[in-house]
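Trainee: One structure coming up, written as structure tokens, with questions to follow.
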Amino acid sequence: MRFLRLCFAVVLLFSMAYAMPLNTSARSCVPADLLQLISVDYRALKDSPTAMALKQQLMPDNIKQFEAALKGIGLDPEKDVDSLTFASFRSGKQGLKTIGVAAGPFNMKEVLKKMKLQKYVPKKYNNNQIYPMDGGFVMSFLDDSTLLFGDSTSIRTALDTKDGQVLGLDTNGNMADMMTSVDSAAVWSILDQQGTQNALHSAMGDASKIADYDTVKKRLLGSRYSMSFNSGVNFDMTVVTSDSTTAGTVASLLKGYMLYKKMNATPAEKMAVENTAVDSDGQNVQVRFKANDQQFQSLMHSELFAAVTH
């Protein structure tokens, strides 16, 4: 079910990232031409067995490699990292790039001391030091407790942003405004116009083939989501459109598609549909999914969940 694929594919994105409200240092290095920013609070996940089970089941190889690289410089991701954030952005002819920012109570001096003993030699870039890491990553400290990492090209663009040579996130009003609505959640993300258009096209499935879909698509401006694990699993997504008519149309299309798919759904799929609500509020489309821990963990082991997570 493509609508559910959107919801759970979005959930999957937290397997690529972890945080809370961005600290000043992290925010300063995110370029303005942002496609998506995803952030998850590691501490909040530790308090939820469901969240930890989801993290363990969905963690991709690149995150495993990064956590291994952290251990290589003396940091324990489970103890020393409070949050992890990933930002995907456009970088001219270089295409789409991604950076990660880890924040936590780690000791920069001790980390640098260990790296020196291991003969990691930094390269100077403007006023910044870039260090090699295992797994093909490079890293640079933004402050004593904030670590920037990624490939060398992405890191340089991020450092240029921090140094004011590239426009930063705060100059992108749409993305910055969406972020303030969700950045206190355990898991949150913002997605730009093009990314939202592509995601909703996939979510609508056959409904996207209607004659006026291209007109509707042009009126999708962006989206944001948040997840919490305080009482079961709560997923809230908002799609921002240009006007209330577009929001109502999109909400109606999604509702109709869900009802149609429910007719031939498996028990797990029916439960997921029944636990999902879609409405419009002004120019926004609201998508809400709620399940208790037992329901969600059962869903995690279903064929539906396996299909949407690969």
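The values are calculated or read from the model by the stated rules, or taken from the named source; none is laboratory data. All figures in this text were calculated on a predicted structure; none of them were measured in a lab. Note that each Cβ is placed from the backbone with ideal geometry, even for glycine, and that neighbours are counted across all protein chains shown.
Trainee: Answer yes if at least one residue in segment 51-64 is in a helix (DSSP H, G or I), at pLDDT 75 or above and crowded, with 18+ Cβ neighbours inside 10 Å, and no otherwise.
Mentor: No, because not a single residue in segment 51-64 is in a helix (DSSP H, G or I), at pLDDT 75 or above and crowded, with 18+ Cβ neighbours inside 10 Å.
Trainee: Name the pairs: first residue in segment 93-122 and modelled with pLDDT of 85 or more, second residue assigned to a loop (DSSP other than H, G, I, E, B) and loosely packed, with under 12 Cβ neighbours inside 10 Å, Cβ to Cβ under 7 Å, at least 6 apart or on different chains?
Mentor: The qualifying pairs do not exist here.
Trainee: Can you name every residue in segment 237-292 that is among the aliphatic types (A, V, I, L, M), modelled with pLDDT under 90 and in a helix (DSSP H, G or I)?
Mentor: Answer for segment 237-292, where residues must be among the aliphatic types (A, V, I, L, M), modelled with pLDDT under 90 and in a helix (DSSP H, G or I): Val250, Ala251, Leu253, Leu254, Met258, Leu259, Ala268, Met271, Ala272, Val273.
Trainee: Scan segment 173-192 residue by residue and report those that are touching a residue at least 24 places away in the same chain (Cβ under 8 Å) and more than 15 Å from the chain's Cα centre (by Cα).
Mentor: Asn174
Trainee: Filtering segment 125-147 down to residues that are among the aromatic types (Phe, Trp, Tyr), closer than 16 Å to Leu70 by Cβ and over 20 Å from the mean Cα position of the chain (by Cα), which residue is surrounded by the most Cβ atoms within 10 Å (Cβ to Cβ)?
Mentor: Filtering first and then ranking leaves Tyr131.
Trainee: OK, next. Any idea which residue in segment 86-142 is nearest to Ile155 (Cα to Cα), counting only those that are among the hydroxyl-bearing types (Ser, Thr, Tyr) and in a loop (DSSP other than H, G, I, E, B)?
Mentor: Ser91
Trainee: Of all residues in segment 251-298, how many are closer than 23 Å to Lys217 by Cβ, out of contact with any helix residue (DSSP H, G or I) (no Cβ under 6 Å at 6 or more places or on another chain) and of a type in the set (Val, Ile, Thr)?
Mentor: 2
Trainee: Kindly indicate the residue of segment 209-236 that is in a helix (DSSP H, G or I) and over 15 Å from Asn284 (Cβ atoms) and also modelled with the highest pLDDT among those meeting that condition.
Mentor: Lys217
Trainee: With more than 19 Å from Lys71 (Cβ to Cβ), in contact with a Lys or Arg (Cβ under 9 Å, 6 or more places away or on another chain) and not hydrophobic (A, V, I, L, M, F, W, C) as the only criterion, which of Gly164, Gly168, Gly150 stands out?
Mentor: Gly168
Trainee: Among (1) touching a helix residue (DSSP H, G or I) at 6+ places or on another chain (Cβ under 8 Å); (2) within 30 Å of Thr241 (Cβ to Cβ), which single condition is Ala103 missing?
Mentor: Status for Ala103: all satisfied but (2).
Listed here are the residues, each with its yes/no results for (1) closer than 14 Å to Gln36 by Cα; (2) modelled with pLDDT of 90 or more; (3) crowded, with 23+ Cβ neighbours inside 10 Å.
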residue: Ser154; (1), (2), (3): no, yes, yes
residue: Asp160; (1), (2), (3): no, yes, no
residue: Val166; (1), (2), (3): no, yes, no
residue: Leu169; (1), (2), (3): yes, yes, yes
residue: Ser184; (1), (2), (3): no, no, no
residue: Trp188; (1), (2), (3): yes, no, yes
residue: Gln193; (1), (2), (3): yes, yes, no
residue: His201; (1), (2), (3): no, no, no
